[in-house]
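Visitor: Mind looking over this structure? Questions follow.
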Amino acid sequence: MRPAESAVPSCRPLPDVAVLRPRQQMAIECALCARPLGTSGRVLGEVRHRGLPFRLWACATGCPAAEPAFTTSLDRPM
């Protein structure tokens with residue numbers, strides 16, 4: 001049986017744990033937008049900071065920080 005893969009495509013690097021707030025490091029808030037996660041969320045990935053493992057979490061759906069930061073002419077309807 002294969003381990004579960006991350007729910008987020010790896011198109012962006014993971015946030016730096018050193019700049020996250022403690023509530024984001026402890027999976028109480030989204031690591032991307034700092035909104036409270038509540039009972040839902042998705043795993044962004046696992047990182048190490050000062051030798052300790054951290055599992056970073058993001059909003060389950062609708063995270064504004066997970067959207068592309070810019071649009072291109074290809075994104076607009078013709």
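The values are calculated or read from the model by the stated rules, or taken from the named source; none is laboratory data. Because the structure is a prediction, the values reported are computed rather than measured. Neighbour counts are summed over all protein chains in view; Cβ atoms, including those assigned to glycine, are modelled from backbone coordinates with ideal geometry. Just the protein is used for accessible areas: all its heavy atoms, side chains included, with ligands, DNA and RNA removed. Shrake-Rupley method; radii C 1.70, N 1.55, O 1.52, S 1.80 Å.
Visitor: If a residue must be of a type in the set (A, V, I, L, M, F, W, C), surrounded by fewer than 16 Cβ atoms within 10 Å (Cβ to Cβ) and within 12 Å of the chain's Cα centre (by Cα), how many such residues does segment 13-42 contain?
Guide: Filtering segment 13-42 down to residues of a type in the set (A, V, I, L, M, F, W, C) leaves 14, 17-20, 26-28, 30-34, 37.
Add one more test, that the residue is surrounded by fewer than 16 Cβ atoms within 10 Å (Cβ to Cβ), and what stays is 18-19, 26, 28, 33-34.
When the remaining residues are screened for being within 12 Å of the chain's Cα centre (by Cα), the result is 33-34.
Number satisfying all stated conditions: 2.
Visitor: Oh, and also: Quick check on my filter: what residues within segment 17-44 are of a type outside the set (D, E, K, R) and part of a helix (DSSP H, G or I)? Can you show your working first?
Guide: We begin by selecting, within segment 17-44, every residue of a type outside the set (D, E, K, R); these are 17-20, 22, 24-28, 30-34, 36-41, 43-44.
Those that are of a type outside the set (D, E, K, R) and part of a helix (DSSP H, G or I): Val17, Ala18, Val19, Pro22, Gln24, Gln25.
Visitor: If you go through segment 50-62, how many residues are open to solvent by 50 Å² or more (accessible area, probe 1.4 Å) and part of a strand (DSSP E or B)?
Guide: Of segment 50-62, the ones open to solvent by 50 Å² or more (accessible area, probe 1.4 Å) are 50-53, 55, 57, 61-62.
Next, from what is left, pick out any that are part of a strand (DSSP E or B): 52-53, 55, 57.
Matching residues across segment 50-62 total 4.
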